[in-house]
1. Among the residues of the range 147-161, what is the count of those that are hydrophobic (A, V, I, L, M, F, W, C) and open to solvent by less than 20 Å² (accessible area, probe 1.4 Å)?
2. If residue 62 meets every condition in (1) open to solvent by less than 50 Å² (accessible area, probe 1.4 Å); (2) modelled with pLDDT of 90 or more apart from one, which number is that one?
3. When you scan the range 132-152, how many residues do you find that are touching a residue at least 40 places away in the same chain (Cβ under 8 Å) and charged (D, E, K, R)?
4. Is it fair to say residue 137 is in contact with a helix residue (DSSP H, G or I) (Cβ under 8 Å, 6 or more places away or on another chain), of a type in the set (Lys, Arg) and at pLDDT 95 or above?
5. In the range 148-174, what residues are part of a strand (DSSP E or B) and small (Gly, Ala, Ser)?
6. List every residue pair whose Cβ atoms lie under 6 Å apart, where the two residues are 6 or more positions apart in sequence or sit on different chains, the first residue falls within the range 166-182 and is within 21 Å of residue 132 (Cβ to Cβ), and the second residue, located anywhere, is in a helix (DSSP H, G or I).
7. Do you know which residues across the range 175-197 are part of a helix (DSSP H, G or I) and either among the charged types (D, E, K, R) or open to solvent by 50 Å² or more (accessible area, probe 1.4 Å) (or both)?
8. Collect the residues in the range 65-85 that are within 14 Å of residue 101 (Cβ to Cβ) and either open to solvent by less than 60 Å² (accessible area, probe 1.4 Å) or not acidic (Asp, Glu) (or both), keeping them in residue-number order.
Amino acid sequence: MKKNTRNLTVIFCTLAVVLLSGCSTKKSFRENASSIYSVPDRRSADIAEKDQDIFVSIREDILSDSELKRFSHVNVAVYNGAVLLTGEVMNEAFKSTIVEAVRIVPHVKIVHDNLVVDYTSDNLSRANDRRINQNIRQALTQIRTLPNFDSSLIRVIVEQGSVYLMGRVHRDEGLVVINVVRTEPDIRQLITVFDYID
């Protein structure tokens, strides 16, 4: 009898651990998902969560196609319902398919299509983009002329030397950020996708 009770206790404990870890995994996934976005954020928690849902939907439902993965290199950034698509696709048909599919994702307000029809970028190009991105992020942390400005309010995306800036900013903040980023070498073009507060 004692042995059966001990076995039942072990089974119940194991079940409790499995169930509790399943619950905490879901919670931590949600926490990790939302941690993609900067802590100082001018979006409401609801909007940030919708942005995350948009991002996941695009990555899992649209860009997971094996043929697309093989012949394309597509990056997705989402901020306040605006979707920025950058990268390379093998032909106009692929490009149209992606853009049209993204447009009908729930809660998408606008799609900024910056996909180019070209061969996918190589590792050297991507490493250069990462270097430019790091330099820009570092430069943004040096801004001291704007009250209550935090560089993590700005999302920086770099694709083949083209720099895209996203975020919810005041016009004076946007102007300062643009002027700082313009001084960075090796930038081919600068495109802002700001959501202006004023």
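1. Residues meeting the conditions: 4.
2. (2)
3. So the answer is 1.
4. Against the criterion (in contact with a helix residue (DSSP H, G or I) (Cβ under 8 Å, 6 or more places away or on another chain), of a type in the set (Lys, Arg) and at pLDDT 95 or above), residue 137 qualifies.
5. Of all residues in the range 148-174, those part of a strand (DSSP E or B) come to 155-159, 162-169.
Within the range 148-174, 162, 167 meet the criteria.
6. These pairs meet every condition: 167/153; 180/139; 181/136.
7. 175, 179, 182
8. If the condition is that a residue be within 14 Å of residue 101 (Cβ to Cβ) and either open to solvent by less than 60 Å² (accessible area, probe 1.4 Å) or not acidic (Asp, Glu) (or both), then 68, 72, 74, 76, 83, 85 are the ones that fit.
The values are calculated or read from the model by the stated rules, or taken from the named source; none is laboratory data. In this text the structure is predicted, and so the values were computed from the model without any measurement. As a convention, Cβ positions derive from the backbone with ideal geometry for all residues, glycine included, and neighbour counts pool all protein chains shown. Just the protein is used for accessible areas: all its heavy atoms, side chains included, with ligands, DNA and RNA removed. Shrake-Rupley method; radii C 1.70, N 1.55, O 1.52, S 1.80 Å.
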